[in-house]
Amino acid sequence: MGRLVVASNRTAAPGEDRAGGLAVALWDALTERGGLWFGWSGEIAERETRGVRLVAEGNVEFALADLTEAEQQGYYLGYANRALWPVFHYRIDLARFDDSDWDCYAGVNRRFGRLLHQLLRRDDIVWVHDYHFLLLGQELRNNGWQEPVGFFLHIPFPPSEIFSALPQHQRIARALAEFDLLGFQTMRDVGNFRRYMAEHHGAEELPDGRLKAFGRTIRVEAFPIGIDADEFRRFAQGQDASAAAERVGRIIGDRALVIGADRMDYSKGLPQRLRAFGRLLDENEDLRGRVNLIQIAPPSRETVGAYRDLREELDRLAGQVNGDYSDLDWTPIRYLARGYPREVLAGLYRLARVGLVTPLHDGMNLVAKEFVAAQHPDDPGVLILSEFAGAAERMGAALLVNPHDVAGVADAIRRSLEMSREERIERWRALDEEVGTNDVAAWRRAFIAELEAIAGGGA
Ligand code: GDG
């Protein structure tokens, strides 16, 4: 059995934050069979350095390449986060299409492709991750690599009309066709991709479901990512979690807690969520003084303008609701623009009566799954979930909402607060079954098995 080679923008190299299901899942996959993890070192070099830094830990090797300042601006903050991220999250209005950003993005993919190719051995299987490396498969082929390469997209794939707004969509599609296996989060993403390929590139669907395009045959499938449910369950019952719950419990007393925790990103629907909570208080006098929203929102990508605007909007909205409704002994929204350890989050999820997960679009959304895993089986909280989160495809037992419908979300919160214990338990059991069965280990095993089948000529 050959090595597994993972390529992703950030890695879990020694010294990096390894918390989080994804880093752990990939790490487990790499240690199981030995492997190589390739990506950006997180360092900015003065000038383009030619090579990679190799670090080994057990049977896993990390190969880390630096970016130059110009590359970080053009490839990472530029094309990846100002063009691809908004377009893939259905926000053409926020996208900036800049030819020099694209050149830089293509240049980094080319350079990284060359670096990675030098490290590959003939029987390796290669698994590339996410929107930073859409061209990496093609770059490996340009360097002569003929063995299977798989790709997994963590964010949504938008409908054909939106994807084709990217000035470089043809080039990207051509590059994607060089992968042998394309994994998406949901059937909706798979459908969007297939329709785009059919409409723009005359792709044909073979009887076995594979796609024929650009003279290549590609397997295109949904692999919904999960969490390490056991770990999160343990967190929720651990000491740090209880301590956090106690600390918050002292302040909120017997008021019901509604919790949200999201990276501060415009895809997460945070302004709409604060408005919905405001609407709940507008319309339900009896709930004033009886319910608290804690919204944790660690800032991210703060140098990108759209993220700075979001921060200002959230500050203003939280201030407005609190200004309108706070009383001497009650502040409705605790809005915390900082991150907390996962154990603390788990404790708050378990304490909460309602988990509010209302992104406008989201590849999957792991917070929804973590909220479920953290609940007490005999007295679980209610998950309110956006129908536009990938997670909704298999978590229909949540209260599904349209995150743009502020009144509808407010109603769902009210309904959750009033829901009988029997109904809460019934819904939670269905959700917990899904989260426990389709966990992150199942996800990576399914993907790797598929890639191996291709390598073995089985597909
Ligand atoms: C991308 C896709 C897809 C949140 N606040 C804190 C904190 N978190 C953790 C959560 C969760 C993770 O960050 C966020 O994962 P999400 O899935 O919700 O969202 P993205 O970061 O946008 O991830 C997404 C995912 O990739 C995997 O494929 O599901 O759709 O956008 O684990 O708990 N963690 C800590 N402190 C915080 O304050 N430590």
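Please find, within the stretch 366-379, the residue that is nearest to Leu94 (Cα to Cα) out of those that are within 12 Å of the ligand (Cβ to nearest atom) and open to solvent by less than 10 Å² (accessible area, probe 1.4 Å). In this case the residue turns out to be Ala368. For beta carbons closer than 6 Å, sequence separation of 6+ or different chains, a first residue in the stretch 127-153 that is in the same structural domain as Asn109 (by TED's automatic domain parsing) and a second that is of a type in the set (S, T, N, Q), the qualifying pairs are His129/Ser8; His132/Asn9; Leu135/Asn109; Leu136/Asn109; Glu139/Asn109. Here Val248, Val190, Val220 are screened, and the one residue that is of a type in the set (Val, Ile, Thr) and assigned by TED's automatic domain parsing to the domain that holds Ala352 is Val248.
Restricting attention to the stretch 356-365, the residues that are farther than 19 Å from Val440 by Cβ and either near the ligand (Cβ under 10 Å from one of its atoms) or not polar (S, T, N, Q) (or both) total 4. Name every residue in the stretch 181-228 that is under 18 Å from Leu366 (Cβ atoms), touching a Lys or Arg at 6+ places or on another chain (Cβ under 9 Å) and away from the ligand (no atom under 12 Å from the Cβ), in order of residue number. The one that is under 18 Å from Leu366 (Cβ atoms), touching a Lys or Arg at 6+ places or on another chain (Cβ under 9 Å) and away from the ligand (no atom under 12 Å from the Cβ): Ala222.
Would you check if there is a residue in the stretch 329-343 being over 29 Å from Gly238 (Cβ atoms), away from the ligand (no atom under 12 Å from the Cβ), open to solvent by 40 Å² or more (accessible area, probe 1.4 Å) and in the same structural domain as Ala410 (by TED's automatic domain parsing)? Checked the stretch 329-343: at least one residue is over 29 Å from Gly238 (Cβ atoms), away from the ligand (no atom under 12 Å from the Cβ), open to solvent by 40 Å² or more (accessible area, probe 1.4 Å) and in the same structural domain as Ala410 (by TED's automatic domain parsing). In the stretch 37-54, the residue that is surrounded by the most Cβ atoms within 10 Å (Cβ to Cβ) out of those that are farther than 17 Å from Gly107 by Cβ and more than 27 Å from the chain's Cα centre (by Cα) is Arg53. Taking the stretch 387-423 as the range and being within 15 Å of the ligand (Cβ to nearest atom) and more than 24 Å from Arg255 (Cα to Cα) as the test, the residues that pass are Glu387, Phe388, Ala389, Gly390, Ala391, Ala392, Glu393, Arg394, Met395, Pro403.
Residue-wise test of (1) away from the ligand (no atom under 16 Å from the Cβ); (2) farther than 30 Å from Pro359 by Cα; (3) open to solvent by less than 50 Å² (accessible area, probe 1.4 Å); (4) without any contact (Cβ under 8 Å) to a residue 24 or more places away in the chain.
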site	(1), (2), (3), (4)
Met1	yes, yes, no, no
Glu16	no, no, no, no
Gly35	yes, yes, yes, no
Leu84	no, no, yes, no
Phe88	no, no, yes, no
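Only one entry of Ala29, Ala12, Ala23, Ala70 meets the criterion of being assigned by TED's automatic domain parsing to the domain that holds Pro156, in contact with a helix residue (DSSP H, G or I) (Cβ under 8 Å, 6 or more places away or on another chain), open to solvent by less than 50 Å² (accessible area, probe 1.4 Å) and not in a loop (DSSP other than H, G, I, E, B), and that entry is Ala29. For the stretch 235-274, the set of residues classified as in a loop (DSSP other than H, G, I, E, B) and open to solvent by less than 40 Å² (accessible area, probe 1.4 Å) consists of Gly238, Asp262, Asp265, Gly269, listed by residue number. Taking every residue in the stretch 420-431 that is in the same structural domain as Val382 (by TED's automatic domain parsing) and pairing it with any residue that is modelled with pLDDT of 95 or more and exposed (fewer than 13 other Cβ atoms within 10 Å of the Cβ), at least 6 positions away or on another chain, the pairs with Cβ-Cβ distances below 7 Å are Arg421/Asp379. Taking the numbered list (1) open to solvent by 50 Å² or more (accessible area, probe 1.4 Å); (2) under 19 Å from the mean Cα position of the chain (by Cα) in turn, Ala346 passes all entries but (1). When the stretch 384-417 is examined, which residues are found to be more than 18 Å from Ala256 (Cα to Cα) and either of a type in the set (Lys, Arg) or assigned to a helix (DSSP H, G or I) (or both)? Correct list: Gly390, Ala391, Ala392, Glu393, Arg394, Val406, Ala407, Gly408. Candidates in the stretch 134-178 are the residues that are under 22 Å from Arg96 (Cβ atoms) and of a type in the set (S, T, N, Q); of these, the one that is most open to solvent (accessible area, probe 1.4 Å) is Gln170. Given the criteria surrounded by fewer than 18 Cβ atoms within 10 Å (Cβ to Cβ) and either small (Gly, Ala, Ser) or modelled with pLDDT of 95 or more (or both), does Gly396 qualify? So Gly396 passes the test.
The values are calculated or read from the model by the stated rules, or taken from the named source; none is laboratory data. Being a predicted model, the structure only gives us computed values, none of them experimental. Heads up, the Cβs are rebuilt from the backbone with ideal geometry, glycines too, and the neighbour counts pull from every protein chain shown. Quick note on the areas: whole protein, heavy atoms, side chains included, nothing else; ligands and nucleic acids left out. Shrake-Rupley method; radii C 1.70, N 1.55, O 1.52, S 1.80 Å.
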